[in-house]
1. Quick test of your reading of the structure: residue 76 fulfils all but one of (1) assigned to a helix (DSSP H, G or I); (2) more than 25 Å from residue 44 (Cα to Cα). Name the failing condition by number.
2. Report, by residue number, each residue of the range 79-127 that is assigned to a strand (DSSP E or B) and surrounded by 12 or more Cβ atoms within 10 Å (Cβ to Cβ).
3. Report whether or not residue 53 is at negative phi, surrounded by 17 or more Cβ atoms within 10 Å (Cβ to Cβ) and either in a loop (DSSP other than H, G, I, E, B) or in contact with a strand residue (DSSP E or B) (Cβ under 8 Å, 6 or more places away or on another chain) (or both).
4. (1) within 14 Å of the chain's Cα centre (by Cα); (2) crowded, with 17+ Cβ neighbours inside 10 Å; (3) assigned to a strand (DSSP E or B): which one isn't true of residue 40, the others all being true?
5. For the range 21-37, name all the residues that are out of contact with any strand residue (DSSP E or B) (no Cβ under 7 Å at 6 or more places or on another chain) and not in a helix (DSSP H, G or I).
6. Could you go through the range 4-20 and let me know if any residue there is in a strand (DSSP E or B), under 12 Å from the mean Cα position of the chain (by Cα) and surrounded by 13 or more Cβ atoms within 10 Å (Cβ to Cβ).
7. Going through the range 34-66 one residue at a time, which ones are closer than 19 Å to residue 84 by Cα and out of contact with any helix residue (DSSP H, G or I) (no Cβ under 9 Å at 6 or more places or on another chain)?
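None of the figures in this text is laboratory data; all of them are computed from the coordinates on show. Given the structure is predicted, the values throughout are model-derived calculations rather than measurements. Cβ placement follows ideal geometry from the backbone for every residue including glycine, while neighbour counts extend to all protein chains displayed.
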């Protein structure tokens, strides 16, 4: 896995991050109390992940790498940074990404075991997409 400079975004990056997700045709939004990590190529954002905090739970979402930069270990680097900063993470993914997350030490959990607010979000998302709930405890 290559080394990438992972930045912690600040408020001045918000519009550029939203533009990045729109360019990637990925629907992502900030949920309130968020931390965002990103990777740039020159000044262009080429990857990003958002960690949102609800109560005492960290929710990882919107992990996206630009198509032209995939296969270089950027997603793994972003996940490693997120896990280092937030040792207990929940996320949802489709079947096609489950093995990727499991290789990063996420474990599949039953939706009924999610904290209340995340369980409600999971059930709402599942109405539109087939999803799997995952949890990482890197403590």
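1. (2)
2. Kept after step one, since they are assigned to a strand (DSSP E or B), are these residues of the range 79-127: 88-93, 107-109.
Selection gives 88, 89, 90, 91, 92, 93, 108, 109.
3. When the stated conditions are applied, residue 53 does not pass them.
4. Just one mismatch for residue 40, condition (1).
5. The answer is 25, 27, 29.
6. Scanning the range 4-20, I find no residue that is in a strand (DSSP E or B), under 12 Å from the mean Cα position of the chain (by Cα) and surrounded by 13 or more Cβ atoms within 10 Å (Cβ to Cβ), so the answer is no.
7. 34, 52, 53, 56, 61
For (1) within 16 Å of residue 34 (Cα to Cα); (2) in contact with a strand residue (DSSP E or B) (Cβ under 6 Å, 6 or more places away or on another chain), each residue gets a yes or a no:
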residue: 62; (1), (2): yes, yes
residue: 74; (1), (2): no, yes
residue: 80; (1), (2): no, no
residue: 87; (1), (2): yes, no
residue: 91; (1), (2): yes, yes
residue: 98; (1), (2): no, yes
residue: 109; (1), (2): no, yes
residue: 118; (1), (2): yes, yes
